[in-house]
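Colleague: Dropping the structure in here first, questions after.
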4 protein chains.
Amino acid sequence: MAKVRAAVVGAAGYAGAEAVRILCAHPGFELTCITSTGDAGKRMSELYPALLGICDLEFQPHDAAAVAAQADVAFLAVPHTASLAMTPQLVEAGVQVVDLSADYRIADAQVYEAWYGAAHTSPELLAQAVYALPEVAREQIAAKPPVISCPGCYPTASALACLPLAEAGLLGEGPVVIAALSGVSGAGRKASAKTHFCNADESVGLYGLPHRHTPEIAQTLSRGAGRPVEVLFTPHLVPMVRGLLATAYLPLAKPLSDEEAQALYAARYEGEPFVTALPLGMMPQTAWVEGSNRAQVGVKVAPGGAMLIASCAIDNLVKGAAGQAVQAANIAFGFDEAAGLDGSCPVV
Amino acid sequence: MAKVRAAVVGAAGYAGAEAVRILCAHPGFELTCITSTGDAGKRMSELYPALLGICDLEFQPHDAAAVAAQADVAFLAVPHTASLAMTPQLVEAGVQVVDLSADYRIADAQVYEAWYGAAHTSPELLAQAVYALPEVAREQIAAKPPVISCPGCYPTASALACLPLAEAGLLGEGPVVIAALSGVSGAGRKASAKTHFCNADESVGLYGLPHRHTPEIAQTLSRGAGRPVEVLFTPHLVPMVRGLLATAYLPLAKPLSDEEAQALYAARYEGEPFVTALPLGMMPQTAWVEGSNRAQVGVKVAPGGAMLIASCAIDNLVKGAAGQAVQAANIAFGFDEAAGLDGSCPVV
Amino acid sequence: MAKVRAAVVGAAGYAGAEAVRILCAHPGFELTCITSTGDAGKRMSELYPALLGICDLEFQPHDAAAVAAQADVAFLAVPHTASLAMTPQLVEAGVQVVDLSADYRIADAQVYEAWYGAAHTSPELLAQAVYALPEVAREQIAAKPPVISCPGCYPTASALACLPLAEAGLLGEGPVVIAALSGVSGAGRKASAKTHFCNADESVGLYGLPHRHTPEIAQTLSRGAGRPVEVLFTPHLVPMVRGLLATAYLPLAKPLSDEEAQALYAARYEGEPFVTALPLGMMPQTAWVEGSNRAQVGVKVAPGGAMLIASCAIDNLVKGAAGQAVQAANIAFGFDEAAGLDGSCPVV
Amino acid sequence: MAKVRAAVVGAAGYAGAEAVRILCAHPGFELTCITSTGDAGKRMSELYPALLGICDLEFQPHDAAAVAAQADVAFLAVPHTASLAMTPQLVEAGVQVVDLSADYRIADAQVYEAWYGAAHTSPELLAQAVYALPEVAREQIAAKPPVISCPGCYPTASALACLPLAEAGLLGEGPVVIAALSGVSGAGRKASAKTHFCNADESVGLYGLPHRHTPEIAQTLSRGAGRPVEVLFTPHLVPMVRGLLATAYLPLAKPLSDEEAQALYAARYEGEPFVTALPLGMMPQTAWVEGSNRAQVGVKVAPGGAMLIASCAIDNLVKGAAGQAVQAANIAFGFDEAAGLDGSCPVV
């Protein structure tokens, strides 16, 4: 069977490069085109010598028509607002868009504008876009909406930590506090004071308050709970390359035992190919999912019984970005949901 | 003027070794005695080659009479419950005890027993002990109580992040959530799976739930607020040697602007030799206080205005342990509060 | 076609666990049995939660007959001297042995005894064992000798850095100095002062002089050069989990230009599935091969022209251990040499 | 006694900032002026929040007359060739120059030009400059030459590793190979792909071949040996902030035992305030000298007895830059050689 031709738009950044890595070994997609306006003319392996002999494609400058001529599906790993401009052209040209940016995640264009500081210029596509967290939107993704909008890294881990409780109607009143920790690759490939080894190593701190992922997380939890949920989200940068942990402090609508909480999560994620509810007594470590599309979630009722602590670990570049995008594309194109994503990750 | 003779009991562990490092350069104390039952006979510099030529003292097995013969003050850097046994003997022998363990921190012996799993065997000394956070107990420390009980690392950072709001009567109803991050030295010198480089590096996760520092934090915040405060405390281990960050999510009793919040913290810490309220827009990084006794606190009102985010960075082994102990001892013995602690730390 | 049944003996250690990880995704081998005397009864995923759902086999205590009943091939990831005892029994029982230990690497039993402090107890098998560096012994491996003896991590990188020059008769007189750097996983899974995060992080140093890999490296270079080559090998421990770099300083028999040196290496490794001679101007980084079975080699003639600098990067647990063992087993069992080893590694 | 007024020129970089940190706590120097053309108008503590409350001076644009009006001594922490322009003006204006750049290190202007690609424009001052490695040039430094030219980081560690053997006439024929490892702060404060956390972390590699420090090292060893010594120097970048290790492979002119080698080094460094010859069996770790001006040297005769392995650890920013500059200035201005440099460093 002919493979589905795939392009990665914005392939020079970390999420794009990770999409390239995954697609190169995918049984159903064939990577035919990579774009990067800033690095046009260079080869992928010049920027990422780990891909020497694996992907030596040349970056093309972005052009919707050229992408459409080469690809059936385009993974957009571009900064927010850049996708706003590119997506309508690609959709028009008949390309299935899988968007890793924030541009089609927030259903309410006004909320988008308030947090991202830019008007939403394609409200029609926004209305048709699907927020593609496979664990909640599998059928909608399978229906191949014009824009498959992939969740952000923090929202993915936050959602997986909170949704079982919210969906079960067990989330109590009051704000959901989420303390998240991300490796430095989350800050992108651009060299800056923040990403300088001597600043990032051996140090931790909060950053980016209030963070733009807040409304996206609130949207997901509100949908899950069936009522507005207030979210207080704070990200910390920690000295590691990959990995993201979101620890949520969830008010309980009624007391739960540890066992009940774990059973709730285990039942919710049973059969999910990429999400594991850990047994009681285990809390996830980001290293346990590094390099893979898997998520691990651990729960513990707080002393006193009024709150649940739920912690979720993912690889920010895989389940938090490129891997989840491929997972959604697998669903949309009818491949096994785990196709190209079943590799195990380093065990140490 | 003759120096005050000092002993470090339990000098082989990280907190003890840090006390040794500080005391070796102290203008008022003279380190005369180090003990470690497990390493008796070895030299300090065998265990810590960084101290070659700086401290080549030999570890003695612990013996209260021997310590009393050699020292006026003893810094106890021993595991909890070990201090319970040693402290009464040292006090009896006329030694000023500065205890870094948890044994005299919790005023309510029943709470201690519930969390530490051991009966409190010296309730009389417990009643006289001072919880020696200098920023709240300067005068009580100066009165030289028999036991100067030094706060734990997490409780120190948590207290400095929360107290200005609590003391001002601005802490609202509901639990105070504290998400804390610690470097691996907080887990101690013992080699274990948890502290193995290959497990600790490039990974983060929650651990030790519920954590024993919870009641200590609740005690401090309750004293500050003048009413019982519920605390939900969760520690994460992060891949760095030193440094501790406590981020607190504080319900506000009434709305505050960012400016008001910052001004409150700045006023509270004005004149404090070791605590800095950062200007608005800055949040602390642990690297900025690494190796020093300083603490930095940053604040930000959460979107919506119902909660305050307050984040405090310390070096877990200095302000979180040995440095704070020396700070308290400086107060007790009438030295400049910053004596021996004024060294700046590496800027990168 | 039925898969070849495989056992990993000593699967609880890092090299063994890496073999497990690779074999679980291998198209031709089926992992049927894992042993660990110390962890018998536990599940693989208890020790390595990254393998939850991927390998949940239970460790068996080692028993040659039991292994033989379950497996056609056994990968021995046990400490040196342990293999000496196990290998003859397994061979006797008809199991193909792929030995990752040092026990069958040194052809001269006296040299083995001098460096490893133990008599060699199976000289007959030693005489039949093949030193299984696929890049030099492909045909011998394909002949399925009773013991396929896999090179050590340092010797693999050192050999790949030096062999093209030695084989071309261009290695001059004088010792070959090799300065090598290894990540901490090279020190094994055992928790010790050396592997404690607080000792290994943010520090580098030499260790283990003289190192036992010295005679193995000398044997390989001497075979390549066709005359005895003296080797001065020194390993450094560096603060990373995986990765190994060997930089060799090679006396030149006659002057070479950079271009000639690079061309020599490129020609030698052309067609090799796992070894890449980097273009001039590039030197390898261990991150570029992390998690993969690939090796990268860069060369540069030293100022003055009398010496060649050749640097090789590998992942110590893959090309330096488990990956290379599977590569050799692929050859022996007639699979594609890259079967199960073609996954790309994380690009950041 | 009035303090000696000091300026740090180029104070925004890492070496300059480290000089600032040291001078702020120095008993004899008073830091009066910091310059940085690129950051003029900002405060030191804006760039380095670790110095909040310790140094809040404002960066001035560089101007020789202004520096001369404010300072008796200027520490120049500027890129090579920048010092060439600044130094003559400062000397002219009566300022004692302590130069941390490479511009006055190489006595032969032609060698300088060949390696640094710039003509040497102040040969008269070059002729008067003293290469200020205190362990070999204490008296010349005390004579207050117009330019005190401080050794580079790699040359300092290399010299301390090799000089005892070279000075004793025991260095044999053949090149001295030096494999060095540096933390990322050695690459400077500029954000670049090389210093991006995601590239530098969890990876090692060679860089910068041939490296400009080669002729400086050769000059020092040749002076020590009293004859030309050929040096093959290769630096590796390793994932840590600070620390530098130079391991030298030294041909022996005659066989030495381990004990003889160690005794030679111990005798050479006896009484040196900052250099320690480690006992046999110990090799230095960079963490053991981190944050301090100390150097540790370990030696081991290679198997066969023809070569000596000597390894030296320093903190690249202290003994390798700012600390050594202050050490030299202490000598020149008649202070205790260890003034301001006696602080111990973190023990973990």
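Colleague: At a threshold of 8 angstrom on Cα-Cα distance, excluding pairs fewer than six apart, so keeping six or more, what relative contact order does the stretch B:276-348 reach in percent? All intermediate terms of the calculation are to be shown ahead of the outcome.
Modeller: On the way: 110 pairs, mean separation 22.1, N = 73.
Dividing the mean separation by the residue count of the stretch B:276-348 yields 30 percent.
Colleague: Further question on the same structure: If the reach is capped at under 21 angstrom between alpha carbons, list the lysines near B:Lys300, excluding any in the same chain fewer than eight residues apart.
Modeller: A:Lys194, B:Lys254
Colleague: Same structure, new question: For chains C and A, what's the summed buried accessible area, probe 1.4 Å, to the nearest 100 square angstrom?
Modeller: Details: alone 14300 and 14270 Å², together 26130 Å².
For chain C against chain A, roughly 2400 Å² becomes buried.
Colleague: A further question on this structure: Just counting partner chain Cβ atoms within 10 Å, what average do the residues of peptide B:284-294 show around their Cβ? Each step should come with its number before you reach the end.
Modeller: Numbers: counts 5, 11, 5, 12, 8, 4, 5, 6, 2, 0, 4.
The mean count of partner-chain Cβ atoms within 10 Å per residue comes to 6.
Colleague: Once the label point is set 7 Å along the Cα-to-beta-carbon vector, what list of distances in nm do you get between B:Pro123 and its counterparts in the other copies?
Modeller: 7.1, 7.7, 9.0
Colleague: Can you give me the Cα centroid spacing of the stretch B:78-117 and the stretch A:68-145 in angstrom?
Modeller: 60 Å
Colleague: Same structure again: Run the accessible area of the stretch C:186-237 with a 1.4 Å probe and give the carbon-and-sulfur part as a rounded percent.
Modeller: Working: 960 of 1800 Å².
Answer for the stretch C:186-237: carbon and sulfur cover 53 percent of the accessible area.
Colleague: May I pose another question? Apply the Karplus parameterisation 6.51 cos²θ - 1.76 cosθ + 1.60, with θ equal to phi minus 60°, to every residue of the stretch C:50-67 and state each ³J(HN,Hα) to the nearest whole Hz, in sequence, with x for glycine and proline.
Modeller: 5, 9, 3, x, 9, 9, 10, 4, 9, 5, 9, x, 6, 7, 4, 5, 5, 4
Colleague: Shifting gears a bit: Given a 1.4 Å probe and every protein chain left where it sits, what share in percent of the accessible area of the stretch A:254-338 is carbon and sulfur? Mind dumping the intermediate values first?
Modeller: On the way: 1350 of 2490 Å².
Carbon and sulfur together cover 54 percent of it.
Colleague: Keeping every protein chain present and rolling a 1.4 Å probe, give me the accessible area per residue for chain C in Å².
Modeller: On the way: 10870 Å² over 348 residues.
Per residue, chain C has an accessible area of 31 Å².
Colleague: Which FRET efficiency, nearest 0.05, do A:Leu280 and B:Ala168 yield, Cβ-Cβ r, R0 35 Å? Please list the in-between numbers first.
Modeller: Numbers: r = 40 Å, r/R0 = 1.14.
Step by step, r from the Cβ atoms, then E = 0.30.
Colleague: Still on this structure: Can you compute the modelled spin-label distance between A:Glu58 and D:Glu46, with each label point 7 Å from Cα toward Cβ, in nm?
Modeller: Distance between label points: 4.5 nm.
Colleague: Which of the residues in the stretch C:203-228 show a loss of at least 10 Å² in accessible area from their chain by itself to the complete set of protein chains, at a probe of 1.4 Å?
Modeller: Those are C:Ser203, C:Val204, C:Gly205, C:Leu206, C:Leu209, C:Pro210, which lose 10 Å² or more relative to the chain on its own.
Colleague: Along the Cα→Cβ direction, 7 angstrom out, place labels at A:Ala2 and B:Gln89. What is the inter-label distance in nm?
Modeller: If labels sit at A:Ala2 and B:Gln89, their model points lie 8.5 nm apart.
Colleague: Here is a follow-up. Are there residues in the stretch A:40-57 whose accessible area shrinks by at least 20 Å² when all protein chains are included rather than the chain by itself, and which are they (probe 1.4 Å, ligands and nucleic acids not counted)?
Modeller: A:Tyr48, A:Pro49, A:Ala50, A:Leu52, A:Ile54
Colleague: Right, next: Along Cα-to-Cβ, 7 Å out, sits the label point; list in nm, shortest first, how far the one on B:Ala93 is from those in the other copies.
Modeller: 5.9, 6.1, 8.2
Colleague: If we hang a label 7 Å off Cα along the beta carbon direction at A:Gly172, how far is it from the matching labels on the other copies, in nm, shortest first?
Modeller: Shortest to longest, the spacings are 1.6, 7.7, 7.8 nm.
Colleague: Say each of C:Ala263 and B:Ser257 gets a label point 7 Å from the Cα, pointing the same way as Cα to Cβ; how far apart are those two points in nm?
Modeller: Between C:Ala263 and B:Ser257, the simple spin-label model gives 7.4 nm.
Colleague: Separate question: Please report the net charge: other residues with Cβ closer than 12 Å to the Cβ of B:Glu216, K and R +1, D and E -1. Provide the component values of the computation, followed by the final result.
Modeller: Values: positive: B:Arg105, B:Arg212, B:Arg223; negative: B:Asp103, B:Asp108.
Cβ neighbours under 12 Å give a net charge of +1.
Colleague: Which of rounded, prolate, oblate describes the protein assembly as shown, given a ≥ b ≥ c as roots of the alpha-carbon gyration tensor eigenvalues and a/c under 1.5 marking rounded, otherwise prolate only if a/b is larger than b/c?
Modeller: Details: a/c = 1.32, a/b = 1.01, b/c = 1.32.
Since a/c stays below 1.5, the shape of the protein assembly as shown is classed as rounded.
Colleague: List, in order, the whole-Hz ³J(HN,Hα) value for each residue of the stretch D:203-214 obtained from phi through the Karplus relation with A = 6.51, B = -1.76, C = 1.60 and θ = phi - 60°; use x for Gly and Pro.
Modeller: Each residue of the stretch D:203-214 in turn: 7, 9, x, 6, 8, x, 8, x, 8, 4, 6, 4 Hz.
Colleague: Then there's this: Based on the Cβ-Cβ distance from C:Ala193 to B:Thr37, what FRET efficiency comes out when R0 is 25 Å, to the nearest 0.05?
Modeller: Values: r = 18 Å, r/R0 = 0.72.
Efficiency computed from Cβ-Cβ geometry: 0.85.
Colleague: Further question on the same structure: Where Lys and Arg each count +1 and Asp and Glu each count -1, what net charge lies around A:Gly152 among other residues with Cβ under 9 Å from its Cβ? Mind dumping the intermediate values first?
Modeller: Working: positive: A:Arg105, A:Arg212; negative: A:Glu216.
Net local charge, A:Gly152 excluded: +1.
Colleague: Let me ask something additional. In the stretch A:300-348, which residues become less accessible by 30 Å² or more once every protein chain is in place, relative to the chain on its own, using a 1.4 Å probe?
Modeller: A:Lys300, A:Pro303, A:Met307, A:Ile309, A:Ser344, A:Pro346, A:Val347, A:Val348
Colleague: Let me ask another. Show which lysines lie in cross-link reach of D:Lys3 when reach means a straight Cα distance below 26 angstrom and same-chain residues fewer than eight apart are skipped.
Modeller: Answer for D:Lys3, where 26 Å is the Cα cut-off: D:Lys42, D:Lys144, D:Lys319, listed by chain and number.
Colleague: Each residue of the stretch C:27-32 in turn: what ³J(HN,Hα) in whole Hz from Karplus with 6.51, -1.76, 1.60 and θ = phi - 60°, glycine and Pro shown as x?
Modeller: In residue order, the calculated couplings are x, x, 9, 10, 6, 10 Hz.
Colleague: Run the helix sum for chain A: -39,500 (n - 2.57) per DSSP H stretch of 4+ residues, divided by residue count, reported at 222 nm to the nearest 500 deg cm²/dmol. Walk me through the intermediate numbers first.
Modeller: Values: 12 runs with 111 residues, N = 348.
That comes out to -9000 deg cm²/dmol.
Colleague: To confirm my reading of the symmetry, which residue of chain D has the Cβ nearest the axis that brings D onto C, and what whole-Å distance does it have?
Modeller: That would be D:Ala179, 2.
Colleague: Going out from 0 in 5 Å bins, what whole percent of all Cα-Cα distances in the stretch B:211-289 drops into each bin?
Modeller: 3, 11, 16, 21, 24, 18, 6, 1
Colleague: Could you grab the relative contact order for the stretch A:216-348? Cα pairs under 8 Å, six or more apart, rounded to a whole percent.
Modeller: Numbers: 210 pairs, mean separation 32.0, N = 133.
24 percent.
Colleague: For A:Val91, what charge total do you get from the other residues with a beta carbon under 11 Å from its beta carbon, if Lys and Arg give +1 and Asp and Glu give -1?
Modeller: Taking every other residue near A:Val91 into account, the sum is -3.
Colleague: Cα atoms only, the stretch B:229-348: Rg and Dmax in Å?
Modeller: 15.5, 48
The values are calculated or read from the model by the stated rules, or taken from the named source; none is laboratory data. Everything numeric in this text was worked out from a predicted model, so none of it was measured. Backbone-built Cβ (ideal geometry, glycine too); neighbour counts: all protein chains shown. All accessible areas refer to the heavy atoms of the entire protein, side chains included, with ligands and DNA or RNA removed. Shrake-Rupley method; radii C 1.70, N 1.55, O 1.52, S 1.80 Å.
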